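Each remark here refers to the structure printed beneath this line.
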Amino acid sequence: MWLIYALGGGWGHLTRAIALARIAQRERPVRVLTNSPYAGMAAGSVDIRAVETRTEATRAIQECRPACLIVDTFPRGIGGELAGILGTLSARKVLVHRDLNPRYVAVARLREFVAANYDLVLAPGAGEGSQLGDLPAAVETNRWLVRSADEIPDRGRVRESLRLGPREDHCVLVCCSGKPEELEWYGAVVGELQRLGAAVRCVAAVRPAQCPEECWVRYWPAMELFGCASVVVGGAGYNTVAECLAWEVPLVARAWPRQYDRQELRARNAGGRVTLVRAPEEAARAAMELMRDRSPGAPGFVNGAVEAVARIGC
């Protein structure tokens, strides 16, 4: 069995883990360990085990005795709990190296730790391996996506999911992710877009207070909806940026402050395809400007999770 440690909360670690697990489980059993509150929405796509504490996660790893342990982002675990058990495992150990704050890398001496404890380091996309990507065991792949191009629903089904009317050929899609206290910002963006006359839909696990019921869509994974979006408004986390780049749909992004992730840097490294904003009014104006000459595209992207599974190999 492959076991994927994807603790960290939110959608980011869980979505990336599912992207890998969906491909890998075709040839072996795979389980994802997560503490994400959204695990229930993704239930059924892969074997997901929810854990509430670091101790519970450590116990699950030791009991499973996996042939391969894959750790997303945090080499020592979110609280250092993996440092004491990695050396006791006979498993092949793989680190998924999303971009990290260099201060954390230096203080925790992660370069030395990763070199001593991991057999393979996978950077899931250009720019994500900036801190550890030059280690001998490091390999860069294309960006990992929770859906491959041939799995995207047809446009008619997507329109039904978004409840688009006959005259609404496309919409601005506001993707809410991140922390609960950030929902207010997304709700304000929806309100501004409505005021400007845009067809807008807000995809979120929980409806923002300022978002009207008719605009809200509870749907996962959001990237299946991008075929009917002329513009996406969201954060600049790994999955939102990767999915918009794959679809070649413009992203208007608020780079949220994170302790370990550098969202603003990711957005600025996207080759001019991400527009950074701060205020909801600024986001709405940018989205309206971008959608004027933009028609939704068709899926034709490469899913780097396929290459990652082949690289792991066991």
Please report, in whole Å, how far the alpha carbons of the stretch 215-314 spread along each principal axis, starting with the longest. 50, 34, 29
Suppose all protein chains stay in the model; what accessible area per residue would a 1.4 Å probe give for the stretch 207-279, in Å²? 39
Ranked from the most accessible area to the least, with a 1.4 Å probe and all protein chains present, what is the order of MET288, MET1? MET1, MET288
Distance in nm between pseudo-label sites at GLU281 and TYR219 (7 Å out along the Cβ direction from Cα): 3.1
If amide hydrogens are placed 1.01 Å from N in the peptide plane, which non-local residues have theirs closer than 5 Å to the one on GLY77? LEU82
Residue-normalised 222 nm signal for the chain, counting each DSSP H run of n ≥ 4 as -39,500 (n - 2.57), nearest 500 deg cm²/dmol, is -9000 deg cm²/dmol
What is the mean projected area of the alpha carbon convex hull for the stretch 153-290, to one decimal in square nanometres? 7.6
To the nearest 10 degrees, the tilt of helix 238-247 (Cα long axis) against the first principal axis of the alpha carbons of the chain is 60
Hey, can you grab everything whose amide H is under 5 Å from the amide H of ALA236? Only 5+ residues off in sequence or another chain; H modelled, so Pro and N-termini drop out. ARG254, TRP256
Of 62-70, 77-85, 101-109, ordering from highest average Cβ density within 10 Å down gives 62-70, 77-85, 101-109
Starting from the residue with the highest accessible area, list VAL274, VAL233 in decreasing order, probe 1.4 Å. VAL274, VAL233
Convex hull projection area averaged over all views, the stretch 54-131, Cα basis, nm²: 4.9
Label zone at ARG59 (point 7 Å along Cα-to-Cβ), backbone N below 19 Å, the stretch 1-37: 4-8, 32-36
To the nearest 10 degrees, how steeply does helix 12-24 sit against the main Cα axis of the chain, on a 0 to 90 scale? 70
Roughly speaking, what is the stretch gain from TRP256 to ARG195, that is 0.36 nm per residue apart minus the C-alpha to C-alpha distance, in nm to one decimal? 19.5 nm
Per the Kirkwood formula over distinct C-alpha pairs, the hydrodynamic radius of the stretch 13-113 in angstrom is 14.4
When DSSP assigns beta bridges and you keep just the ones with both residues in the chain, what percent turn out antiparallel, to the nearest 5? 0
For the peptides 207-214, 196-203, what is the packing order when you average, over each peptide's residues, the other Cβ atoms within 10 Å and list the highest mean first? 196-203, 207-214
Rounding to the nearest 10 and keeping the result within 0 to 90°, find how far the Cα-based axis of helix 280-291 lies from the longest principal axis of the chain. 80
Using 0.36 nm times the number of residues separating ALA209 and ILE85, minus their current alpha carbon distance, what extension gain do you get? 40.3 nm
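The values are calculated or read from the model by the stated rules, or taken from the named source; none is laboratory data. Bear in mind the structure is a predicted one, so any value in this text is a computation, not a measurement. Every residue, glycine as well, gets a Cβ built from its backbone with ideal geometry; the counts of neighbours run over all protein chains shown. Calculation scope for accessible area: heavy atoms of the full protein, side chains included, ligands and nucleic acids excluded. Shrake-Rupley method; radii C 1.70, N 1.55, O 1.52, S 1.80 Å.
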